[in-house]
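Here is the structure we will look at.
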Amino acid sequence: MNYIKIEAKKGDFICSGEQLKEVLLKIKSYIKDSYFYFFDVQTVSGGYLAMNCGNMNSVCEFTSLEGILEKVMTVDQFISGVLIISQKKLDTEKMIPIDTEYDMKMQLSSALIEIRMFDTSWFECYTENEAITKELKKISF
């Protein structure tokens with residue numbers, strides 16, 4: 001499993017919806033036909049994601065990259081959150097709670113990638129895919 005930490009330059013703003021959009025667009029070719037699941041979302045400004053997937057037992061599911069990009073752009077800044085991207089549809093009712101503060105490993109081993117928005121401080125990305133890892137390492141905020 002590969003771990004990538006994306007941080008801002010010292011003192012700069014991080015974990016915005018716009019930055020998450022940039023991350024997703026950087027790996028678009030690998031995730032365009034995937035399913036997207038948000039868990040444990042807290043944001044500075046509230047909004048759709050915080051209202052509908054704001055605890056470990058609730059989930060927001062998206063079936064298109066365009067749909068998720070629209071929603072993340074409504075977020076000023078993420079305080080916490082987990083985005084799981086999977087190539088197959090998940091039965092979220094049978095899943096264990098997904099938590100931003102989980103150990104430094106993927107919570108769902110079948111996921112293509114797991115992205116955590118961590119305490120308005122950085123993005124943590126976990127994936128087995130070497131091509132995705134290579135693209136994520138190019139990101140700088």
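A short reminder: the numbers here are calculations on the coordinates, not readings from a lab. The shown structure was predicted, so the numbers you read here are calculated from the model rather than taken from an experiment. All Cβ positions, glycine included, derive from the backbone under ideal geometry; neighbour counts span all protein chains shown.
What to note about this one:
- Per residue of the chain, the DSSP helices (runs of n ≥ 4 H) give a summed -39500 (n - 2.57) that works out to -6000 deg cm²/dmol at 222 nm.
- Under the combined filter of DSSP loop state and at most 12 neighbouring Cβ atoms within 10 Å, segment 1-71 retains these trypsin sites (Lys or Arg not before Pro): K9, K10, K32.
- Assuming charge only on the beta carbon of Lys and Arg (+1) and of Asp and Glu (-1), the dipole of the chain about its Cα centre is about 420 debye to the nearest 20.
- In angstrom, the C-alpha Rg and Dmax of the chain are 13.5, 41.
- Greater than 28 Å apart at Cα, pairs in K94/K134; K32/K138; K9/K105; K26/K71; K26/K94; K9/K89: K94/K134; K26/K94; K9/K89
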